[in-house]
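> Can you read through this structure? Questions will come right after.
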Amino acid sequence: YVLKRGTRDIQYLIGVVERLLRNEKTKVLVVDDSNTYRKGLVDMLTRQRLQVLEACNGVQALEVLEENPDIQLILSDYNMPLMDGFQLTEAVRARYAQDRVAIIVTTGLEEDLAAQFLRYGANDFIPKAASFEELLCRIHMNLNMLDLIRINRDLSEKDPLTGLYNRRMLFKEGGRLIEKAGESGRVTAAMLDIDHFKKVNDTYGHAGGDLALRCMGDLITRQFPPPCITARYGGEEFCILFPDTVPHSIALEQLEVFRSSVEALQIPYEETAFSFTVSIGVARATPYGLDDTLNAADQRLYEAKRSGRNRIQF
Ligand code: GH3
Ligand code: MG
Ligand code: MG
Ligand code: MG
């Protein structure tokens with residue numbers, strides 16, 4: 001990176017480094033039918049250390065997006081064969097909101113198209129006559145905005161200790177899952193509670209307890225990927241919802257595998273390690289919604305505790 005005259009400020013340098021580090025993890029898609037112009041952009045953005053993908057029209061852009069759903073920003077031309085910038089913007093917006101994928105449209109045409117593009121759902125609009133410097137600034141501004149939104153989204157949807165959904169998100173997404181399954185009652189709900197967790201805290205301190213919770217969260221994330229919905233329900237209580245595409249018997253099998261992996265888990269603590277167990281209550285969705293379903297699972301959890309812990313009650 002070449003420093004410009006008068007930009008020796010250390011904060012500025014830190015900003016540049018942070019941006020480059022961020023860029024390495026960021027995928028952008030350049031869409032333009034002019035090979036020369038597209039190559040120019042790709043070259044410039046690659047030098048910014050962004051992961052750059054390219055397409056020469058809207059149809060191809062949608063294919064690339066399909067294969068790379070983690071693309072964060074699309075920089076698109078307006079006039080292109082097969083599918084132009086308007087149609088592309090509309091098609092992308094049908095699948096991804098403005099706070100998931102940013103779209104910046106560029107055009108060499110004289111007409112004033114900016115307002116129209118913004119109405120179609122573009123995040124920004126730049127005439128091709130603008131300097132590369134301005135283009136870069138706008139790209140970074142839009143990426144920063146998406147970062148901020150993602151950080152805030154995580155704060156409001158996730159439990160900071162385990163990274164699992166919080167209770168609010170469980171009810172939002174879980175309610176949707178149950179609604180989608182309708183009367184079939186084929187959604188399976190599991191409530192999990194760590195056994196004698198107070199003892200873990202008493203013996204290994206709050207830090208040891210927190211570590212156990214994080215390991216439990218990691219295991220849940222790994223063993224129950226989407227479309228399962230997983231959440232930290234409260235202190236040491238977790239919830240797993242299986243969609244109606246997972247038969248009840250399969251859900252029970254997976255939970256049994258999970259129960260035994262928790263039992264086998266060794267939590268490193270100072271020079272030694274400790275382990276713990278989990279009790280699980282399982283219920284099929286009732287016709288009265290998520291609250292009622294979780295109550296039913298909770299009843300079973302209570303029975304699992306009463307009959308000796310480290311077991312599944314269904
Ligand atoms: P049981 O087998 O009956 O579930 O026994 P238990 O000791 O697990 O019972 P209980 O549910 O009463 O205890 C939960 C404990 O979890 C109490 C609380 O101090 C602890 N806890 C809740 N949230 C956290 C947390 O974020 N970190 C840590 N370290 N401990 C927590
Ligand atoms: Mg063109
Ligand atoms: Mg508890
Ligand atoms: Mg407990």
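The values are calculated or read from the model by the stated rules, or taken from the named source; none is laboratory data. As the structure is a computational prediction, the values presented were derived from the model and not from experiment. Cβ atoms come from the backbone with ideal geometry, glycine included; neighbour counts cover every protein chain shown. The protein model used for the area step is the full one, side chains on, heavy atoms only, and it has no ligands, DNA or RNA in it. Shrake-Rupley method; radii C 1.70, N 1.55, O 1.52, S 1.80 Å.
> Return the residues of segment 220-248 that are under 21 Å from residue 158 (Cα atoms), open to solvent by 10 Å² or more (accessible area, probe 1.4 Å) and part of a helix (DSSP H, G or I); say none if nothing qualifies.
Passing the criteria: 221, 222, 223.
> Determine which member of the set 281, 205, 209 is within 16 Å of ligand 3 (Cβ to nearest atom), part of a helix (DSSP H, G or I) and not basic (Lys, Arg). Full working, then the answer.
Numbers: 281 fails: part of a helix (DSSP H, G or I); 205 fails: within 16 Å of ligand 3 (Cβ to nearest atom).
Among 281, 205, 209, only 209 is within 16 Å of ligand 3 (Cβ to nearest atom), part of a helix (DSSP H, G or I) and not basic (Lys, Arg).
> Taking segment 196-219 as the region of interest, how many residues are near ligand 1 (Cβ under 7 Å from one of its atoms) and open to solvent by 10 Å² or more (accessible area, probe 1.4 Å)? Lay out the reasoning, then the answer.
Here is the first cut: in segment 196-219, the residues near ligand 1 (Cβ under 7 Å from one of its atoms) are 196-199, 201, 206, 209-210, 213.
Those still in the list that are open to solvent by 10 Å² or more (accessible area, probe 1.4 Å) too: 196-199, 201, 206, 210.
The total comes to 7.
> Also: Please go through segment 249-273 and pick out each residue that is surrounded by fewer than 17 Cβ atoms within 10 Å (Cβ to Cβ) and either within 16 Å of ligand 4 (Cβ to nearest atom) or under 17 Å from residue 170 (Cα atoms) (or both).
Scanning segment 249-273 gives a single hit, 263.
> Only residues that are polar (S, T, N, Q) and in contact with a strand residue (DSSP E or B) (Cβ under 7 Å, 6 or more places away or on another chain): list them for segment 276-290, please. Write out each step before concluding.
If we filter segment 276-290 for residues that are polar (S, T, N, Q), which is where we start, we get 277, 279, 286.
The answer is 279, and nothing else.
> Only one residue in 198, 158 is free of Cβ contacts under 8 Å to residues at least 24 places away in the same chain and under 22 Å from residue 97 (Cα atoms), so which one is that?
Numbers: 198 fails: under 22 Å from residue 97 (Cα atoms).
Unique residue meeting the criteria: 158.
> Considering only residues that are farther than 17 Å from residue 119 by Cβ and open to solvent by less than 30 Å² (accessible area, probe 1.4 Å), which ones fall in segment 75-100?
If the condition is that a residue be farther than 17 Å from residue 119 by Cβ and open to solvent by less than 30 Å² (accessible area, probe 1.4 Å), then 75, 77, 80 are the ones that fit.
> I'd like the residue in segment 109-127 that is free of Cβ contacts under 8 Å to residues at least 24 places away in the same chain and in a loop (DSSP other than H, G, I, E, B) and, out of all such residues, is farthest from ligand 2 (Cβ to nearest atom). Give the steps one after another, and end with the answer.
First pass over segment 109-127, keeping only residues free of Cβ contacts under 8 Å to residues at least 24 places away in the same chain: 110-112, 114-115, 118-119, 124-127.
Filter once more, so that each one left must be in a loop (DSSP other than H, G, I, E, B): 110-112.
Numbers: 110: 14, 111: 14, 112: 17 Å.
This residue is 112.
> I'd like the full set of residues that are more than 16 Å from ligand 4 (Cβ to nearest atom) and touching a residue at least 24 places away in the same chain (Cβ under 8 Å), limited to segment 295-314.
Correct list: 296, 314.
> Residues of segment 143-175 being open to solvent by 30 Å² or more (accessible area, probe 1.4 Å), closer than 16 Å to residue 228 by Cβ and among the small types (Gly, Ala, Ser), which ones?
Result: 163, single match.
> Between 25, 39, which is over 13 Å from residue 143 (Cβ atoms) and open to solvent by 40 Å² or more (accessible area, probe 1.4 Å)? Spell out how you get there, then give the answer.
Numbers: 25 fails: over 13 Å from residue 143 (Cβ atoms).
The conditions single out 39.
> Would you check if residue 139 is open to solvent by less than 20 Å² (accessible area, probe 1.4 Å), more than 16 Å from ligand 4 (Cβ to nearest atom) and within 20 Å of residue 22 (Cβ to Cβ)? Can you show your working first?
Numbers: open to solvent by less than 20 Å² (accessible area, probe 1.4 Å): yes; more than 16 Å from ligand 4 (Cβ to nearest atom): yes; within 20 Å of residue 22 (Cβ to Cβ): yes.
The answer is yes for residue 139.
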